[in-house]
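S.K.: One structure follows; several queries about it will come next.
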Amino acid sequence: MRTRTTTAALIAAGLLLTLTACGTEPEPDAKASTAPTTEATAEMVTEEPSPTPAAALQLGWSWEFESDTDDIEGAVTVLDYKQGIKSVGDAVEEAGTPGYEWAYVDMKTCSISGTFSATTEPWTLAYEDGSRAEPTSTTYEDFPKPEFPFETILTDGKCVRGKLVFPVPGDQRPTAVVYAPAGLDVPKEWTVPAK
């Protein structure tokens, strides 16, 4: 077992000032390439109405952002959520509460332009009753691979993808994956479908 703690900020200082963003339809394993926007918008290619900026995105959709003051553009995508993951490590022991099990979020962060730090710190799972689950700071060799790194630096055109593991109540399912880095006024959410 290895334990790692991250205290690094998610994004370089300039990015923390002001962000504008848009959500886009999933692009399987492709680098995000939508041109930067000046307003927060969400776009879909289908005939369905576009979600509002505060609306939760669907799994597989990308949220693109840019800094108003720096040459930083990026994209964050939540690809999948799985619960009931088996491991030699015990989620009950990690949570300190009976009935817990492991779950993971498969996610991807890309730098379209600029350099910034991507971390696990701003991610949580939201539940209908208002409770939140934070990712584990412990990792076991049999956790789903590839694991999302606790901290990594992304440069122009580079991406990082991996699975972030959470101890979660086994009898509940989260309603959303929440991304809330410092400097983002309204956290981004991806809806977790019912089983």
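S.K.: Restricting to segment 61-84, name every residue that is modelled with pLDDT under 95 and of a type in the set (A, V, I, L, M).
M.R.: Ile72
S.K.: Further question: Here are the criteria: (1) on the phi < 0 side of the Ramachandran plot; (2) at pLDDT 95 or above. Tell me which single one Gly130 does not satisfy.
M.R.: (1)
S.K.: For segment 91-112, does any single residue satisfy the condition of being assigned to a helix (DSSP H, G or I) and in contact with a Gly (Cβ under 9 Å, 6 or more places away or on another chain)?
M.R.: yes
S.K.: Looking at segment 77-120 only, could you name the residues that are surrounded by 13 or more Cβ atoms within 10 Å (Cβ to Cβ), among the polar types (S, T, N, Q) and more than 13 Å from the chain's Cα centre (by Cα)?
M.R.: Within segment 77-120, Gln83, Ser87, Ser111, Ser113, Thr115, Ser117 meet the criteria.
S.K.: Continuing with this model, one more query. Can you tell me which residue is most open to solvent (accessible area, probe 1.4 Å) among those in segment 121-134 that are part of a loop (DSSP other than H, G, I, E, B) and farther than 17 Å from Gly183 by Cβ?
M.R.: Glu128
The values are calculated or read from the model by the stated rules, or taken from the named source; none is laboratory data. These numbers come from a predicted model, not from an experiment. FYI the Cβ positions are ideal-geometry reconstructions off the backbone, even for glycines, and counts take in every protein chain you see. To get the accessible areas, we keep the full protein, side chains included, count just its heavy atoms, and leave off ligands, DNA and RNA. Shrake-Rupley method; radii C 1.70, N 1.55, O 1.52, S 1.80 Å.
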